[in-house]
1. With a ≥ b ≥ c the root eigenvalues of the C-alpha gyration tensor of the stretch 9-118, is it rounded (a/c under 1.5), prolate (a/b larger than b/c) or oblate?
2. May I ask you to evaluate 6.51 cos²θ - 1.76 cosθ + 1.60, the Karplus curve with θ = phi - 60°, for each residue of the stretch 4-15 and list the ³J(HN,Hα) values in order in whole Hz, giving x for glycine and proline?
Amino acid sequence: MKVLLLGATGTLGSRITPALLSHQHQVVVFVRSENKLKETLPPSILSKVAVVTGDATDSNAILETLVNHDCDAFVNSAGQSNVFPWQAPRMQEIINAVATAGVEASKKLNHPMRGWFLGGLTAMCVHLEAVFTQRRHHFQL
Ligand SMILES: NC(=O)c1ccc[n+]([C@@H]2O[C@H](COP(=O)([O-])OP(=O)(O)OC[C@H]3O[C@@H](n4cnc5c(N)ncnc54)[C@H](OP(=O)(O)O)[C@@H]3O)[C@@H](O)[C@H]2O)c1
């Protein structure tokens, strides 16, 4: 599969990237900073992924990436771990943006989009039920 990974510079994302590659998936990473990505992943892994820069609250940019790269799936590990230093919670915004982009991309690409969310369960309960029950045929969760 071709998989879009959001959060590749994080604790989970930096481990998910080589794991996806080791299972022969093609990987597109969506990160805020390409420089941080270069500090996070070794060149042997970096050379095998496509890199797109953007913010995970920008649903249009995520949609564009999913469509332009003809992705079959996404993994969202963009978010915040509940560890110091505390940050303003943007999890709801991220979940909304990623979920909406996933649904819209499946419509544009005319195939189901698989999605994995590594965090944000509370935000998902609010948003995803409404989105996915309406458009279940476009989405596998
Ligand atoms: N670590 C665990 O054991 C664990 C277990 C279960 C669930 N989770 C959940 O999984 C998610 C990731 O955890 P983690 O430990 O990998 O967290 P982390 O190390 O803090 O990494 C967070 C990642 O999200 C990215 N990010 C945050 N806001 C963003 C935005 N607006 N746009 C684009 N990227 C953004 C960060 O990018 P930058 O590098 O640019 O900041 C970073 O790559 C969290 O929701 C967490 O609650 C974690």
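What follows draws every value from the coordinates through simple rules; no lab data is involved. Not measured: the values here are computed from a predicted model.
1. Numbers: a/c = 1.75, a/b = 1.09, b/c = 1.60.
Because a/c hits 1.5 or more and a/b fails to exceed b/c, the stretch 9-118 counts as oblate.
2. Running phi through 6.51 cos²θ - 1.76 cosθ + 1.60 with θ = phi - 60° gives 8, 10, 9, x, 5, 8, x, 4, 6, x, 5, 8 Hz.
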